[in-house]
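Undergrad: Here you go, one structure.
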Amino acid sequence: MGLSGCGGSAEQGGGEPTGSFPVQVTTARFPAAQTLSEHTQLVITVRNAGTKAIPNIAVTLLNPLYGTAAQAFGTLIAANGPGQPALASRSRPVWVVDQAPGPCGYSCHQGGPGAAVTAYSNTWAMGRLAPGATARFDWHVTAVAPGNYTVDYQVAAGLSGKAKAVLSGGGPVAGSFKVTISNQPRQAYVNNAGQIVYSK
């Protein structure tokens, strides 16, 4: 799991045991067809399928072209040419994260990254996961850029790379979502019951 980051990452992965930990992905969903300004959820639920506790169950979101160089739910724009001002960041959002995984405390309510955020790029961790237990990673997002996109994910059993999440056959725990975002925003209206209804 190619994790990278700064500031406290050594502490977050400190004391991690070495080994492989069987994991089952029980839920992986993100709507394949979306529209601009639509609020959706990306949900990944993982189960500890082994007999040992997983030290720190984590999920990293990646751009298939740029890895974690692009922010989660984002992409990279082209660098400026010679003689043009340097960009502070080439990463641009495709989706805005309204709420990230983990309990929503003060930071989350103020637009922060959520309680499960880590110092590793585009990575959220839920802590120790007992045998047979499940952890739900749930991102609430809003689409802001039309086009065709792919969001990849990788599951890890820890943050330092020593504890590895594996499928029953021993392979890495990973997947992807292919999404088309229409440039037509959803239409809303109030029905006869006074409810706000959104068109598909």
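Undergrad: Using every alpha carbon pair in segment 9-198, what percent of pairs falls into each 10 Å bin from 0 up to the bin containing the largest distance?
TA: 9, 31, 33, 18, 7, 1
Undergrad: Let me ask another. Each residue of segment 65-74 in order: what ³J(HN,Hα) in whole Hz does its phi give by Karplus 6.51 cos²θ - 1.76 cosθ + 1.60, θ = phi - 60°, with x for Gly and Pro?
TA: Karplus values, whole Hz, x for Gly and Pro: 8, 10, x, 9, 5, 8, 4, 4, 6, x.
Undergrad: Sticking with this structure for a sec: Applying the Karplus parametrisation 6.51 cos²θ - 1.76 cosθ + 1.60 with θ = phi - 60° to the phi angles of segment 128-140, what ³J(HN,Hα) value in whole Hz is obtained for each residue in order, glycine and proline being reported as x?
TA: 5, 10, 5, x, x, 7, 10, 10, 10, 9, 9, 10, 9
Undergrad: I need E16, E38 ordered by Cβ neighbour count within 10 Å, fewest first.
TA: On the way: E16 16, E38 19.
Ordered from fewest to most neighbouring Cβ atoms within 10 Å, E16, E38 come out as E16, E38.
Undergrad: Quote the convex hull volume per residue of segment 134-182, based on C-alpha atoms, as a whole number of Å³. Before the final figure, lay out each step's value.
TA: Values: hull volume 5.9 nm³, N = 49.
Expressed per residue, the convex hull around the Cα atoms of segment 134-182 is 120 Å³.
Read the figures in this text as sums done on the coordinates, not as results from a lab. Model, not experiment: these values are computed from the prediction. No Cβ is skipped: glycine too gets one built from the backbone with ideal geometry, and neighbour counts run over all protein chains shown.
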